[in-house]
1. Count the net charge of all other residues whose Cβ sits under 12 Å from the Cβ of E42, scoring Lys and Arg as +1 and Asp and Glu as -1.
2. Count charges around F118 for me, please; just the other residues with Cβ under 15 Å from its Cβ, Lys/Arg as +1, Asp/Glu as -1.
3. Would you kindly find the accessible area of R49, with a 1.4 Å probe and non-protein molecules such as ligands, DNA and RNA excluded, rounding to the nearest 10 Å²?
Amino acid sequence: MSDALYGLMGALGGSVVTAVAAYWGPLHQQREAAKQARWEAEFQRAEDRRLAEMQVEAAREETQAAREEAHAARGEVAKQEQIGRLAEIRTALREWQEVLDRTVQEMWNGAPVNLERFDAAEDSARIRASRAIDDVMRDEWFIPQSKYDRHDGTGRYRTSANGQVMAAMRDYRDLIRESVLSNSQASPALLRDLMWSQAEATEMRGMMSQVIEARMREVHTGEDQGRVISREW
């Protein structure tokens, strides 16, 4: 085969190689570019999903935190309301006895006592104390209002001394009324009973105040969510 023929074949081969390279080179680049674009698109979608999930999780955590904060706020409000109801018992009992003690002081000073006015003031103070005690029952805290009340919150019944604070106050009131009705001619025995009744009411109210203060501390610290006062003092 002549050199010219070899030269022609070489030239043709070179042309083919050049043509193939000219065709496949850009095609390969296009394919690589398309692959890169698909990879970047998939990466971006995955990143978008990740960011969306993070936003959803952040929103969920924020909502949960808001719920917990609201729950804590409601709990704090409820706690303060419960403490307020307990404080009202102490205040109402004190003011009830102040009405009684003030009347006794007037009697000792020889001042006339208007029984109708006394009854109205005492009735208002007593009703307030009774309502205050009733109000704490919503907190599952039972305070007997009579020495005959029997309840210990477990289905069993027993006499409770806690009710004696109300009974002592009523006894004190009744002796005052008896003294007033006697037109200052009360017997020494009645006067002695009146002094004893005043001391008894003061003592029982003081004991009740101690129990209430202990309960207020329990509510404040969250140590107890409600119990029945039914132990003997």
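The values are calculated or read from the model by the stated rules, or taken from the named source; none is laboratory data. Note that the structure is predicted; figures quoted are calculated from it, not measured. Cβ: placed from backbone, ideal geometry, glycine included. Neighbour counts: every protein chain shown. We work out accessible area using only protein heavy atoms, side chains counted, and drop any ligands, DNA or RNA first. Shrake-Rupley method; radii C 1.70, N 1.55, O 1.52, S 1.80 Å.
1. Net charge around E42: +1.
2. The answer is -4.
3. Answer for R49: close to 130 Å² accessible.
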